[in-house]
Amino acid sequence: MARTVVLGLTVGVCALAALAMCGVTDLWAIGSVLAADLALLATCARLLLPATADDPSAAVAPQDGLTGLPNRAAMMARVERALPIADSEQEAAGLVVLDLDDLADVNDTLGRRTGDLLLQSVAARLLAAVRDTDMVARIGDDEFAVLLPQVGSAPACLETARRLLDAVQGPADLDGFQVRINAAIGGAVFPAHAATPTELFQRAEAAMRYAKQSRTHAALYEVGLEGDLAPRKRSTAVPARTKRPALPFR
C-alpha cells in the first residue's frame, strides 16, 4: 500500500510541477491532472494489493492442485446445474462418493509423496472408468465423487458404484512401493433419494459411511440410513484387539 501511495503522489507532484513550469494556471487543467492521478492511483492499488476475500477475483480455484480434478465447490456447482436438467428430462441422476482406506497410514509410513501418488493413481483410475458425460472430483483429503447425470435408475447407480470401486481397488506401484488400494463407495439418486443438490451429497456420503462401517464396501442410500449411522450405546464387554495388517514395503 505504501508503494502505491508514493507512486501516485510522485506522479501527481511531477505533473503539477510541469504545469507550473509551463505557466498553466487554469483550474480545469489542474483538476484534470489531479483526476488522472487519482485514476492512476486506483489502478496501481488494484494491481499491487493482494485480493481480499470480498473481491470476486479472489474466489477459490475450482480445481484440486494435486490431482487436477475439480474440487468440491466445482462439483456442487455442476450438480446444481445437472439436477434441473434431469428433472426436465425426467432422467435419474446419480452421485457416488468414494473414500479411501489407510491414506493416513500411507503418509505416515511411506511418506507424504507416496500418499500423493496414491491419490493421483485413484484419480487416473476413476477418469479411465467413467463416461464422457460423467464428472470426477476430489471433494476431500481422501474422498472422491463422481456425478452420473444419466444413470438411469437406482440399481444402475449401485452397479456403477461397484464397477468404479473395482476399478480403483487393487495393487499399485507408487514410486517403487507396492501398495494395495482399498476403499468404500456409496451412492444416491435424484429424485428417488434426494430433491436438492445438498441432499444428494449428504445421502451419497451417508451411503458411503454405511458401506465403510458395515464393510459392505458399496452401498446405495436407503431411507433411515442416517439413523443407522448414529453412535450406538457402548457395550460393557471389552472387544478383543485385532492386529492391523502392516502396509507392504519395498
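The values are calculated or read from the model by the stated rules, or taken from the named source; none is laboratory data. Quick caveat: nothing in here was measured; it's all calculated off a predicted structure. Cβ sites come from the backbone with ideal geometry, for glycine too, and all protein chains shown count toward neighbours.
Under 9 Å by Cβ, and 6 or more places apart or on different chains, what pairs join a residue from region 108-121 that is on the phi > 0 side of the Ramachandran plot with one that is among the aromatic types (F, W, Y)?
G111/F177
Picking from T216, T198, which residue would you name as being at pLDDT below 95, surrounded by fewer than 22 Cβ atoms within 10 Å (Cβ to Cβ) and in the same structural domain as G140 (by TED's automatic domain parsing)? If you could, list the steps in order and put the result at the bottom.
Numbers: T198 fails: at pLDDT below 95.
Among T216, T198, only T216 is at pLDDT below 95, surrounded by fewer than 22 Cβ atoms within 10 Å (Cβ to Cβ) and in the same structural domain as G140 (by TED's automatic domain parsing).
Can you find a residue that is of a type outside the set (G, A, S) and surrounded by 19 or more Cβ atoms within 10 Å (Cβ to Cβ) anywhere in region 86-95? Outline the logic, then answer.
Of the residues in region 86-95, the ones of a type outside the set (G, A, S) are 87, 89-91, 95.
Filter once more, keeping what is surrounded by 19 or more Cβ atoms within 10 Å (Cβ to Cβ): 95.
Checking region 86-95: at least one residue is of a type outside the set (G, A, S) and surrounded by 19 or more Cβ atoms within 10 Å (Cβ to Cβ).
Under 8 Å by Cβ, and 6 or more places apart or on different chains, what pairs join a residue from region 131-156 that is of a type in the set (F, W, Y) with one that is assigned to a loop (DSSP other than H, G, I, E, B)?
Going by the 8 Å Cβ cut-off, the qualifying pairs are F144/L69.
For G187, indicate whether it is in contact with a Cys (Cβ under 6 Å, 6 or more places away or on another chain) and among the small types (G, A, S). Before you say what the answer is, go through the steps one by one.
Working: in contact with a Cys (Cβ under 6 Å, 6 or more places away or on another chain): yes; among the small types (G, A, S): yes.
The answer is yes for G187.
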